[in-house]
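**Q** Okay, handing you the structure first.
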Amino acid sequence: MRPLSPFEPARPRRGLGLALVVTAALAASILIWRFSAPAPTPTPAAGHDMAEMAGSASDSSRAVTLGAAEQRLIGVTFAAVEATDLARRVRTVGIVTYDESCLATVTTKIEGWVERLRIDFTGQRVAAGQVLLDLYAPSVVAAQDELLLGHRLRRELGAGTAEARRSADDLIAASRRRLEYWDVPAETIARAESTGVPERTFPLRSIAPGFAIEKIVVVGQRVMPGDPLYRLADLRTVWIEGEVYERDLGSIRLGDPAEARFTALPGTMRRGTVAYIYPTVNTDTRTAQVRIELANADLTLRPGMYASVEIGGAARRAPTIPRSAALVTGQRTLVFLKRPDGRFEPREVTLGSSDDDRYEVLAGLMPGDTVVASGTFLLDAESNLGTMLGGMGGMPGMDMAPATPQKPR
């Protein structure tokens, strides 16, 4: 072999480069196998069931110790369990609708034909007793003829027997009574008696005030007894039909005050009362229907309007905590109780009614206890982490004890 010149660059050693490549590939394979291979099944004696350990981490959080600096860092504040006035508040949305007790259907009690419409389009406002249409009814004309015949007989039999005069009076009374039963106005009857000529048509009047929300009749139409002609709605009182969740039903009572606000009327608030709570719950939405009754003397509220409603009963005294202190997981509700030794103990509690700021405490805490009011979520994460690491300490490959130093050889 010839010696290398000092000015000649050294050639790479092929053997050394190949060894490095093989070593790197082997190390990568070992790492991939290490993290992707399934964990060995622990023996029953070891007692490390993964499902059990996961449940332990989520269901049995450990107490947490934090120093003053750590508390300031994560923003921990405290609040006492104290008796406060808790107002029952339930919020929902609803739709303005008609007061069903103020709806009326106008119909006729006799067969006839519509000669003229006085209320001739939907939406017109109607006063009680206002003429809606003029109806021609042959039976009414015949009854008026009988009435006029009775009057003629009484005049002609003035000097006759008492029985004859009584028969004439009976005919007059029966004819007048039949006309009244058919809702023929008293002025129509009186006019026929004074003129001696029967009225060809008679007016059909409104039986209630309101708006004609339906008109089911036209000029010339033949109508039969019981046929609906108009549908009237008195809007001086309206309802709001809303849905409340099943869990809120216990907080609502008949007569509770309610406040309603409307998308179509910004800045407008109306007060009403809970008039009815429906006796069934929708099995799909788990909600029940609630009816709010509102006065509407100015007729500003219109059926179909969208409304936001807040229902609230009388306030009552109860032990409460801030809403921010409760950690609701869906399966349970936790708070962190500050113990005399300074540690924070996770405590499962049962909560009741609530308002915008506080929850009622039914079980798990006593008046005077101190709980964490903010930073609860971070404390829960710290507690669960401690539980998880403690549970994994005995698993293969997860020994949390420090390694024993080996003696040098």
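Quick note: the coordinates plus some simple rules give every number you see, no bench work behind them. Please read all numbers here as calculations on a predicted model, not as lab measurements. Methodologically, a virtual Cβ is constructed for each residue, glycine included, from the backbone with ideal geometry; neighbour enumeration extends over all protein chains shown.
**Q** Suppose R0 equals 35 Å. What FRET efficiency, 1/(1 + (r/R0)^6) with r the Cβ-Cβ distance, do T300 and R177 give to the nearest 0.05?
**A** So the FRET efficiency works out to roughly 0.20.
**Q** Which net charge results for the neighbourhood of P185, defined as the other residues with beta-carbon distances under 10 angstrom from its beta-carbon, given Lys and Arg at +1 and Asp and Glu at -1?
**A** -2
**Q** Next up: Round to the nearest 0.05 the FRET efficiency obtained for S374 and S101 when R0 = 51 Å and r is the Cβ-Cβ distance.
**A** 0.50
**Q** Quick check: residue separation of M224 and R339 times 0.36 nm, minus the Cα distance between them. What number comes out in nm?
**A** Extra length available between M224 and R339 comes to 33.1 nm.
**Q** Moving on. Would you kindly state how much longer the chain becomes between T84 and L157 on full extension, computed as 0.36 nm times their sequence separation minus their alpha carbon distance, in nm to one decimal?
**A** Length difference between fully extended and current span is 17.3 nm.
**Q** Are there GluC sites (Glu not before Pro) in segment 98-199 that DSSP puts in a loop and that have at most 16 other Cβ atoms within 10 Å, and which ones?
**A** For GluC sites (Glu not before Pro) across segment 98-199 that sit outside H, G, I, E and B with at most 16 neighbouring Cβ atoms in 10 Å, the list reads E111.
**Q** Taking 0.36 nm per intervening residue step and subtracting the Cα-Cα distance, what contour gain separates Q130 from L249 on full extension?
**A** 38.4 nm
**Q** Please report the equivalent ellipsoid semi-axes of segment 252-292, computed as sqrt(5 x eigenvalue) of the Cα gyration tensor, largest first, in whole Å.
**A** 24, 15, 6
**Q** With a sphere of radius 15 Å drawn around the Cβ of A68, what net charge do the other residues whose Cβ falls strictly inside it have (Lys, Arg +1; Asp, Glu -1)?
**A** With Lys, Arg at +1 and Asp, Glu at -1, the neighbours total +1.
**Q** Oh, and also: Along Cα→Cβ, 7 Å out, is where each label goes; now give me the distance between the ones at I74 and R316 in nm to one decimal.
**A** 3.6 nm
**Q** To continue, here is another question. Report ³J(HN,Hα) in whole Hz for each residue of segment 233-246, in order, from the Karplus equation J = 6.51 cos²θ - 1.76 cosθ + 1.60 where θ = phi - 60°; Gly and Pro get x.
**A** 10, 8, 9, 5, 9, 10, 10, 10, 9, x, 10, 10, 5, 4
**Q** Output the direction-averaged projected area (hull surface divided by four) of the convex hull of the alpha-carbon atoms of segment 172-213, in nm².
**A** 3.8 nm²
**Q** Still on this model: Normalising by the residue count of segment 184-319, find the relative contact order in percent from Cα pairs under 8 Å and 6+ residues apart.
**A** RCO, segment 184-319: 23 percent.
**Q** Also, quick follow-up: When the Karplus curve 6.51 cos²θ - 1.76 cosθ + 1.60 is applied with θ = phi - 60°, which whole-Hz ³J(HN,Hα) does each residue of segment 143-149 get, with x for Gly and Pro?
**A** Per-residue couplings from phi come out as 5, 5, 4, 5, 4, 5, 5 Hz.
**Q** Right, something else. Got the relative contact order for segment 109-225 handy, in percent, Cα pairs under 8 Å and 6 or more residues apart?
**A** 48 percent
**Q** With N denoting the number of residues in segment 109-225, provide Rg(C-alpha) divided by 2.2 N^0.38 Å, to two decimal places.
**A** This ratio for segment 109-225 stands at 1.28.
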